[in-house]
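Dropping a structure here in structure tokens format, bear with me for questions.
The values are calculated or read from the model by the stated rules, or taken from the named source; none is laboratory data. Predicted model, so just to flag it, every value in this text is computed and none were measured. Don't worry about glycine lacking a Cβ; one is built from the backbone with ideal geometry, like all the others, and counts go over all protein chains shown. Surface accessibility is based on the protein's heavy atoms, side chains included, excluding ligands, DNA and RNA. Shrake-Rupley method; radii C 1.70, N 1.55, O 1.52, S 1.80 Å.
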Amino acid sequence: MACQQSRYHSFSSASRLQPQPSGVTIDESFITENKSTQKRKLLQKRRTLTGQFSMGGHLSPWPTYTSGQTILQNRKPCSDDYRKRVGSCQQHPFRTAKPRYLEELENYLRKELLLLDLGTDSTQELRLQPYREIFEFFIEDFKTYKPLLSSIKNAYEGMLAHQREKIRALEPLKAKLVTVNEDCNERILAMRAEEKHEISLLKKEKMNLLKLIDKKNEEKISLQSEVAKLRKNLAEEYLHYLSERDARKILIADLNELRYQREDMSLAQSPGIWGEDPVKLTLALKMTRQDLTRTQMELNTMKANFGDVVPRRDFEMQEKTNKDLQEQLDTLRASYEEVRKEHEILMQLHMSTLKERDQFFSELQEIQRTSTPRPDWTKCEDVVAGGPERWQMLAEGKNSDQLVDVLLEEIGSGLLREKEFFPGLGYGEAIPAFLRFDGLVENKKPSKKDVVDLLKDAWKERLAEEQKETFPDFFFNFLERRFGPSDAMAWAYTIFENIKIFHSNELMSQFYAVLMGKRSENVYVTQKETVAQLLKEMTNADSQNEGLLTMEQFNTVLKSTFPLKTEEQIQELMEAGGWHPSSSNADLLNYRSLFMEDEEGQSEPFVQKLWEQYMDEKDEYLLQLKQELGIELHEEVTLPKLRGALMTIDPSLDKQTVNTYMSQAFQLPELELPEDSDEKEEGVVEILQTALERLQVIDIRRAGPREPEPAN
């Protein structure tokens, strides 16, 4: 009967769940609803059949009597094993039956597992849900064991949740591990390919080296055989010559013996020559032989001692010849020195000619570029703002090169007015401190006059205060004081862009050079002091205080103020002031107008000529310094050598000025400069070009006239 009920429940569960088509999963809501419905039915049956699974209020002892049977196998209802179990149940109907509650639970579990098997995407986590519900039924029904069973269930649920979190945390690591594994595999394959290529190259090199070794071994064997053959021939020749020497000695001894015997026989055959006494003749022969041996020894000694000695006559002839050759050599040397000096002079002349040729060629190219073809500057009248009148005012007295600068300034100023914002240059070390900003900066769009007035105010404040901070820091602090911290950066960018464009404006160009560190601010200050001193001298010369001077007075003031300027430079200044060769010395000059400035800060031609002469004098001074050093620009110069060259070209320099120049050239504080007699001076070196560029920045000028060189 239990088997029939189990089959009935399985059939009813299977009839409720129709098979789904392939590729379609069972809706989880349907499964959940089915579970809740089944649970309600099971609870109702459990209430109605309370007495069927217990005996007298106790648990059924069925498992004790059926210990040999399996309570529940994980078998599907339609499997063969299940059919065998049902058949066996039908064949043995009188065995002890399972409790009804147990059969209900088994049937419920089979139905739930069947539902999960029909779903294509059921996971292992979902398959635990039926067992979890069965366990909850046990907990609810067995009140006595409910706390223990609940703690067991909670422990397992906690462990499952912990393992689930671990698996979820390890999923990204698994993906990363797969990516790293693929990357490592690619690297390994690349390294294997590279190693394979290197191995093939090494194998080829190995084969070539083996061939070379074989070749060298063959050469070695051939050379060894040849050496052995030569040794054998040398031994044979040595023996041959040794035997020849011995034979020659024997032959000489035999010849001498024969000669002696012949002499004895000749003496014996003619006794009348020496008398009749043979003993006396024998003794005379013996003495003669001894004299011959001694003479032969002396002759050999003389040959050994004087074999390399020449006769006196030959020596005197060779000495005379040597003397004649020496005189010819001295004459040729003197001629060579004269020719060499002439060659050096010609080379210097050639080099100067080449420099002049290059200079003339560059000037020719510049003239051809600026003059050929001659541009029609009247075309700019309709383009420049202000029309022909403003263009004529801008172009007055300017050459083509200067007109190009004016035109570029007009174009740049137009583009600058169109900009609303400037892009920030960032915070790099190469960016000046007052421009370090990241982002967009507003363009304040001031007029040229406003920029000039602002620069004049900055110079006035700079000259009035103590120079404790650098000029860029002072400039930014000045803008903060003038416009506030919020607008200081915008005004800094605006002023910087304006003074970078207007190169022809004297005030803007000088301020830009000082701001960027290309020129020391002392240059500007000294130039202003020079102009003020000149105006003071002219005012002192004007006894009537009318603002007028004669040309003679003007010339006298210029010569007294600038004693080191040449007549040509004084003439240029007078012409810039309004003097003409046709003018007389009695003509009056309004000297105050020479120092006026327009609203844009542009000086009069006289002040501009003073500035041009100052720059030319500085370049000429540094050129004389380079020529005095006599080295190339890329070579190193020591501190004592540069100090000596300065004192040579300008003896009037005082020690403080020389130390200032040395400090700038070698970038050393004046207090750390070594003394003149200090040996450490030789260790202070610098590239000549770098030293000259540093001296170009500061106010360097001649302190006195250069002493004339002594006449030869």
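If you take the beta carbon distance between residue 192 and residue 235 as r and set R0 to 60 Å, what does 1/(1 + (r/R0)^6) give as a FRET efficiency, to the nearest 0.05?
After rounding, the FRET efficiency stands at 0.45.
At a threshold of 8 angstrom on Cα-Cα distance, excluding pairs fewer than six apart, so keeping six or more, what relative contact order does the stretch 519-614 reach in percent?
29
Now for a different question. If I stretch the segment between residue 608 and residue 256 completely, what's the gain in nm (0.36 nm per residue apart, minus their alpha carbon distance), one decimal?
115.0 nm
Could you please state how large a percent of the accessible area of the stretch 630-697 is carbon and sulfur, counting protein chains only and using a 1.4 Å probe?
Carbon-and-sulfur percentage of accessible area, whole number: 48.
With Rg and the Kirkwood Rh both taken from Cα atoms, where does Rg over Rh land for the stretch 622-662?
0.95
Which net charge results for the neighbourhood of residue 427, defined as the other residues with beta-carbon distances under 10 angstrom from its beta-carbon, given Lys and Arg at +1 and Asp and Glu at -1?
-1
Among 507-519, 235-247, how do they line up by average Cβ neighbours within 10 Å per residue, starting with the highest?
Top of the packing list down: 507-519, 235-247.
Give me the distance in nm between label points sitting 7 Å out from Cα along the Cα-to-Cβ direction at residue 182 and residue 468, one decimal.
Here the modelled spin labels are 6.6 nm apart.
Give the relative contact order (percent, whole number) for the stretch 630-697; include only Cα pairs under 8 Å separated by 6+ residues.
49
Whole Å is fine, so just give me how far the alpha carbon centre of the stretch 147-217 lies from that of the stretch 330-349.
If we compute the Cα centre of each part, the gap is 81 Å.
Once R0 is set to 22 Å, what does the formula 1/(1 + (r/R0)^6) return for the Cβ-Cβ distance between residue 356 and residue 702, expressed as a FRET efficiency to the nearest 0.05?
FRET efficiency, residue 356 to residue 702: 0.30.
Something else: May I ask you to list the lysines whose Cα is less than 16 Å away from that of residue 460, ignoring any residue fewer than eight positions away on the same chain?
468, 528
Another one. Could you give the length gained by full extension between residue 280 and residue 298, i.e. 0.36 nm per residue of separation minus their alpha carbon distance, to one decimal place?
My answer for the length gained is 3.8 nm.
Something else: Over the Cα atoms of the stretch 519-614, how large are the radius of gyration and the largest Cα-Cα distance (Dmax), in Å?
Looking at the stretch 519-614, its Cα Rg and Dmax stand at 13.2, 41 Å.
If I take R0 = 30 Å and measure r between the Cβ atoms of residue 146 and residue 125 in this structure, what FRET efficiency does the formula 1/(1 + (r/R0)^6) give, to the nearest 0.05?
Efficiency at R0 = 30 Å is approximately 0.75.
OK, next. Quick one: net charge around residue 449, please, counting Lys, Arg +1 and Asp, Glu -1 for every other residue with C-beta under 10 Å from its C-beta.
After counting each charged neighbour, the total is -4.
If you average 1/r over all unlike Cα pairs in the stretch 132-264 and invert the result, what Kirkwood radius do you get in angstrom?
Taking the inverse mean of 1/r over all distinct Cα pairs, the stretch 132-264 comes out at 26.7 Å.
Another question about this same structure. Please give, to one decimal in nm, the separation of the simple spin-label points placed at residue 308 and residue 263, each 7 Å out from Cα toward the Cβ.
3.6
Can you give me the Kirkwood hydrodynamic radius for the stretch 285-378, using every pair of distinct Cα atoms, in Å to one decimal?
Value: 21.6 Å, from the Cα pair sum.
Could you tell me the extents of the stretch 630-697's C-alpha atoms along the three principal axes, largest first, rounded to whole Å?
Ordered largest first, the stretch 630-697 gives principal extents of 26, 25, 21 Å.
What does the charge count around residue 168 come to, taking other residues whose C-beta lies under 13 Å from its C-beta (Lys +1, Arg +1, Asp -1, Glu -1)?
The answer is 0.
If you don't mind, another one. Taking H placed 1.01 Å from N in the peptide plane, check which residues at least 5 places from residue 587 or on another chain put their amide H under 5 Å from its amide H.
Amide H neighbours of residue 587, under 5 Å, 5+ apart: 551.
For the pair residue 208/residue 638, report the inter-label distance in nm, with labels modelled 7 Å from Cα in the Cβ direction.
5.2
Per residue, how much accessible area does the stretch 630-697 show when a 1.4 Å probe rolls over the protein heavy atoms, in square angstrom?
55
Further question: Under the classification rounded if a/c is under 1.5, otherwise prolate if a/b is larger than b/c and oblate if not, where does the stretch 199-333 fall, given a ≥ b ≥ c as square roots of the Cα gyration tensor eigenvalues?
Judged from the Cα gyration tensor, the stretch 199-333 comes out oblate (a/c at least 1.5, b/c at or above a/b).
Heavy atoms of the protein only, probe of 1.4 Å, neighbouring chains included. What is the accessible area of residue 628 in Å², nearest 10?
70
From the phi angles alone, apply the Karplus equation (6.51, -1.76, 1.60; θ = phi - 60°) to the stretch 613-628 and give each ³J(HN,Hα) in whole Hz, x where the residue is Gly or Pro.
Working through the residues one at a time gives 5, 4, 5, 5, 5, 5, 4, 5, 5, 5, 5, 4, 5, 5, 5, 5 Hz.
Per residue, how much accessible area does the stretch 519-614 show when a 1.4 Å probe rolls over the protein heavy atoms, in square angstrom?
54
Rounded, prolate or oblate, given the Cα gyration tensor of the stretch 390-547, with a/c below 1.5 counting as rounded?
In terms of gyration-tensor shape, oblate.
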